Amino acid sequence: MSPRPLGRLTAAGSGLLLAATLAACTPHPSPEVAVRSFLLAWQDGNHAEAATYTDGDPEQVAAALTDMREQLDLASLRFDLGPISREGESADAEFGVHADLGIGDPTWNYTGRMPLEWGPDGWRISWSTSVLHPDLSEDERLAISYESQERGQILDREGEPLVTADSVTAFGVLPGEMEDKEAGVTQLAELLDEDPDPLLNRVRSAPPEQFQPLVLLRGSSVDGKLLSEAGGISGVDTREVEVNMTPSVAPFLLGEVAGTAEHRVSSRVPGPYRAGDTVGLSGLQNIFQHELAGSGTTQVVSLDRAGGITDVLEAWEGERSGVIGTTLDIEVQRAAENALQALPGDGYLVAVDTASGEILSAASASGNTADDNAFTGSYVPGGAFTPVSTLAALESGAAGPDDVVPCGYSTEIGGRTFVNPSSGFLSGQPDLARNLAFSCNVGFADLSADVGRDAVAAAAEHLGIGAEWQLPVPASSGTVSIGGEDVDVASAMIGEHGVRVSPLSMALATAAIADGTWHAPTLVPEEGPAPDSETTLDETRLEVVREGMRDAVANRMPQLLATGGEVYGQAARTEQDGTALHWFVGYKDGVAFAVLAEVDPEMTQWSQYAVDAAGTFLASMANGVPAGESGPTPEESAAPPNEADLTGGEGIGGTDAQGTGW
């Protein structure tokens with residue numbers, strides 16, 4: 001692989017082409033013609049021709065010009081002609097140098113000088129290495145020194161670090177010990193499955209005795225065989241370094257850093273990249289790559305024959321890496337992750353601050369950095385949507401707080417028969433809050449004709465479902481798109497037809513019910529949300545919804561009250577694409593949260609995994625998560641829940657009806 005070509009660039013100076021023509025007719029007729037001809041040939045990479053305009057040994061001059069290009073790994077070189085002073089048979093010329101040091105590097109601009117003397121062949125440049133740079137002596141050469149920044153941290157709301165510093169193996173080279181830089185670096189790149197070009201760009205211009213880290217690997221990626229094969233390449237060395245790489249919590253949200261799982265990262269970086277830099281591949285690590293990685297300090301240095309730095313000719317201080325503050329609460333996050341450990345399949349838990357919409361936790365059961373369904377998933381909410389339907393009934397006037405809303409065994413609308421989750425009914429004169437408390441599909445379906453699809457969509461929008469907002473990472477607010485048939489509206493009232501949500505959007509909707517105002521979500525405070533991303537709701541109507549959610553927990557999920565205080569919530573079980581979805585949405589003490597469990601339908605006869613996870617979450621919030629502790633096993637969670645059937649009879653806790661949501 002050959003060094004990068006300079007390419008032909010037009011040099012500054014209006015007389016450049018004319019000077020070349022004159023030079024062909026009269027050898028070196030003036031200092032100006034000699035200087036321009038020399039610079040033109042040097043700029044175009046015609047080093048042998050450039051040497052003819054000097055009094056030096058042609059081979060040595062051409063080699064020095066070529067060496068400068070390779071030592072700096074130049075992408076391009078351009079000159080401006082400056083003033084020329086002449087005194088008798090001597091002259092002195094100034095010229096501007098614009099040396100582009102390559103992709104991701106600055107352009108080195110400086111003023112060069114060259115003396116000239118008149119002789120038998122006209123004017124010639126008196127050659128010395130100072131023509132390359134005024135401060136370069138005969139025993140010195142040029143090089144580029146590059147120093148990367150230590151990668152910055154991602155912090156929780158209290159300033160606690162969320163990324164663990166790992167000991168990683170830096171595969172690199174000592175350029176001065178390589179028999180053939182191009183061959184050796186290419187061999188190392190092939191061994192590590194990397195693109196060799198960025199590696200070569202760094203090595204070509206580096207000080208020969210300075211270790212150049214090129215690729216970072218850690219853990220299982222590094223074994224004895226790999227180390228042995230790398231060590232067999234001339235000039236290759238490995239060193240252990242500490243890098244902030246591994247998310248201690250919320251892997252999909254924080255993201256991974258290059259070297260943890262995959263390579264060939266230079267093509268995935270939206271900005272300048274040098275081999276050996278840390279690169280965020282996903283999540284906040286990727287979105288805030290520039291802030292977290294900073295930019296390295298680049299120096300043009302002169303080296304002595306032994307490779308030691310004798311002078312710094314130019315330096316560009318890099319931007320310091322910084323920290324990214326988030327709204328996450330590490331204790332809430334740990335409680336969320338602990339709550340999902342017992343799930344038999346995929347699952348998610350998102351918690352937000354009811355007063356602000358700030359995201360306190362975002363957890364996935366898989367722990368996979370690519371599993372962002374907690375934010376981006378599009379799920380059928382089923383009965384977890386009934387708090388929204390309750391608000392729609394109130395806002396549309398289809399039912400008032402004290403109106404009787406019958407809940408029979410079944411109802412037929414548009415050719416579909418709607419039944420309650422346990423095929424029971426509510427006796428007596430249940431109101432809207434009671435229908436919500438016992439998740440009465442029949443009652444909500446019967447209200448649908450009076451509510452109408454527009455009111456359902458409007459209530460969902462008031463709670464932020466389908467609202468327009470943006471986070472630094474991908475996220476979905478959900479959608480509500482209801483058809484015009486009566487059965488469509490009835491199905492939407494129980495969270496099926498036309499309604500899709502993410503766990504995040506359901507947590508935000510629940511927070512709005514708790515607080516009385518819908519707040520757009522915030523994850524990184526410096527990034528938003530917009531000041532007007534709020535919607536104030538009617539407190540009288542919300543009280544009906546809150547009453548139903550409080551009674552739902554008291555009657556159907558009393559285990560959630562084990563830590564004391566009032567808990568408000570709704571739970572449901574539905575199916576989507578052959579998977580059973582278990583939902584719990586609720587709030588307590590200023591924290592609203594949504595739990596979703598994806599379960600094999602054959603495993604769902606007794607257990608409601610989302611409710612179990614919600615109980616573990618609340619217990620962990622109250623008592624903390626001791627090191628090494630996990631939630632109940634799937635077998636422990638499979639015990640029949642403490643529920644009553646949705647049938648007529650004596651009431652529970654003084655009410656006039658009994659029920660269950662299952």
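The values are calculated or read from the model by the stated rules, or taken from the named source; none is laboratory data. On a predicted model such as this, the values are computed, not experimentally measured, just so you know. Here the Cβ is made from the backbone with ideal geometry for all residues, glycine too, and neighbour counts use every protein chain on show.
Brief remarks on what is shown
- Within segment 118-139, residues that are within 19 Å of HIS98 (Cβ to Cβ) sit with their Cβ atoms under 8 Å from residues that are assigned to a loop (DSSP other than H, G, I, E, B), at 6+ positions apart or across chains, in these pairs: SER130/LEU136; SER130/SER137.
- Comparison of ASP92, ASP105 shows that the only residue that is at pLDDT below 95, in the same structural domain as SER30 (by TED's automatic domain parsing) and among the charged types (D, E, K, R) is ASP105.
- ILE144 passes every criterion in (1) buried (at least 18 other Cβ atoms within 10 Å of the Cβ); (2) more than 21 Å from LEU281 (Cβ to Cβ); (3) modelled with pLDDT of 90 or more apart from (3).
- Filtered by the rule that a residue be buried (at least 21 other Cβ atoms within 10 Å of the Cβ), in contact with a Pro (Cβ under 6 Å, 6 or more places away or on another chain) and among the small types (Gly, Ala, Ser), segment 73-116 gives a lone residue, ALA91.
- When every residue of segment 136-154 is checked against the conditions, none turns out to be over 26 Å from VAL300 (Cα atoms) and over 43 Å from the mean Cα position of the chain (by Cα).
- Out of VAL404, VAL442, sole residue that is of a type in the set (Val, Ile, Thr) and crowded, with 22+ Cβ neighbours inside 10 Å: VAL442
- Residue tally, condition aromatic (Phe, Trp, Tyr) and either touching a helix residue (DSSP H, G or I) at 6+ places or on another chain (Cβ under 6 Å) or closer than 22 Å to GLU337 by Cα (or both), over segment 368-389: 2
- Inter-residue pairs, beta-carbon under 7 Å, first touching a residue at least 40 places away in the same chain (Cβ under 8 Å) and on the phi > 0 side of the Ramachandran plot and in segment 158-180, second surrounded by fewer than 19 Cβ atoms within 10 Å (Cβ to Cβ) and acidic (Asp, Glu), 6+ apart: none
- A single member of GLY308, GLY322 is over 30 Å from LEU436 (Cα atoms), touching a residue at least 40 places away in the same chain (Cβ under 8 Å), in contact with a helix residue (DSSP H, G or I) (Cβ under 9 Å, 6 or more places away or on another chain) and surrounded by fewer than 16 Cβ atoms within 10 Å (Cβ to Cβ), and it is GLY322.
- LEU508 meets all of the listed conditions (1) part of a loop (DSSP other than H, G, I, E, B); (2) closer than 21 Å to VAL380 by Cα but one, namely (1).
- Annotation note: of PHE425, PHE385, the sole residue that is within 27 Å of GLU539 (Cβ to Cβ) and aromatic (Phe, Trp, Tyr) is PHE385.
- Selected residue [under 23 Å from VAL599 (Cβ atoms), crowded, with 20+ Cβ neighbours inside 10 Å, touching a residue at least 24 places away in the same chain (Cβ under 8 Å) and under 22 Å from the mean Cα position of the chain (by Cα)] from ALA339, ALA351: ALA351
- Yes/no for ASP488 being farther than 22 Å from PHE593 by Cβ, modelled with pLDDT of 95 or more and more than 42 Å from the chain's Cα centre (by Cα): no
- Only listed residue being buried (at least 16 other Cβ atoms within 10 Å of the Cβ), more than 30 Å from GLY452 (Cβ to Cβ) and either in the same structural domain as GLU534 (by TED's automatic domain parsing) or touching a residue at least 24 places away in the same chain (Cβ under 8 Å) (or both), chosen from SER356, SER396: SER356
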